[in-house]
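First comes the structure, then the notes that go with it.
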Amino acid sequence: MHLFDPQPHALEFLVNPEPDRPDNRLNDGKVGPDGCFWVGSMDQNTINTTGALYRVTPDGTSTRVLDNLFVSNGLAWSPDHRTLYHTDGISATINAYDFDLASGAISNPRVLISFDFEQTGWPDGGTVDMQGDYWSAGIYRGMINQVSPQGELLRSLQMPVSGTTMPCFGAVDGRTLFVTSLTVELDDQEQAGTLLACNIDVQGAPTYRFDHPAPAHSR
């Protein structure tokens, strides 16, 4: 991991979270409400469960939070900062954890929802909206799936590409849904990865800044 200063185009080394795992690569990463960068890893050959999830503080301290993962993915936080969402690519399950804003600790692991691949695709990247719903990219079925905090599948939006990998909300009002996809082979033809955008009827939750913890919500 490096810090990038866009003005002089300079990279400053911050940390290598797993120097002991040379066959791994980093995968899904986001800044959390604690002001730290959370990033997962995976075996670059996708044959071993050597992946992990790391919490990296602004001073470059890296802590392994979850281990023995196939593909770390799906990171997102509830808008009240009390729940962390995460997926491991070895299954079609989205997991939820209690999240402590002050320490960054996670606890009380539980299943939010387990998807039916034929209907929803395999869960990949994720994000949340202001209502607390979790939005999951259903890769290989071209879906974006909206899930309530109680684990109910609310709707599945069909995208015009198959390899949907990550949804996020943007634009001035947070009501544009952006979706990335990867390149896939369909009927012996290549469907190129792309970036899509569409208007949506909900507002995305605000994102977070590195080294800027969010204020705690009162209970």
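Scanning the stretch 190-219 for residues that are more than 20 Å from the chain's Cα centre (by Cα), closer than 22 Å to residue 177 by Cβ and of a type in the set (S, T, N, Q), which turns out surrounded by the fewest Cβ atoms within 10 Å (Cβ to Cβ)? Checked the stretch 190-219; the qualifying residue surrounded by the fewest Cβ atoms within 10 Å (Cβ to Cβ) is 199. Scoring residue 154 on the criteria (1) under 22 Å from residue 214 (Cβ atoms); (2) part of a strand (DSSP E or B) leaves a single failure, condition (1).
Using beta carbons and a limit of 6 Å, which pairs, at least six apart or on different chains, have the first residue in the stretch 139-153 and farther than 15 Å from residue 126 by Cβ and the second one among the hydroxyl-bearing types (Ser, Thr, Tyr) and in a strand (DSSP E or B)? Within 6 Å, the pairs are 142/164.
For the stretch 157-208, a tally of residues being closer than 20 Å to residue 75 by Cβ and assigned to a strand (DSSP E or B) returns 14.
Kindly evaluate residue 68 against the criterion of being assigned to a strand (DSSP E or B) and free of Cβ contacts under 8 Å to residues at least 24 places away in the same chain. Yes: the conditions hold for residue 68.
Output yes when any residue across the stretch 50-59 is small (Gly, Ala, Ser), surrounded by fewer than 16 Cβ atoms within 10 Å (Cβ to Cβ) and without any contact (Cβ under 8 Å) to a residue 40 or more places away in the chain, and no when none is. Among the residues of the stretch 50-59, not one is small (Gly, Ala, Ser), surrounded by fewer than 16 Cβ atoms within 10 Å (Cβ to Cβ) and without any contact (Cβ under 8 Å) to a residue 40 or more places away in the chain, which makes the answer no.
Restricting the stretch 116-166 to residues that are among the β-branched types (Val, Ile, Thr) and within 18 Å of the chain's Cα centre (by Cα), the residue that is surrounded by the fewest Cβ atoms within 10 Å (Cβ to Cβ) is 165.
Every read-out reported here was derived from the displayed coordinates using simple, explicitly stated rules and does not represent laboratory data. Only a predicted model underlies this, so the values are computations on that prediction, with no experimental measurement involved. Cβ coordinates were reconstructed from backbone atoms using ideal geometry, including for glycine residues, and neighbour counts include every protein chain displayed.
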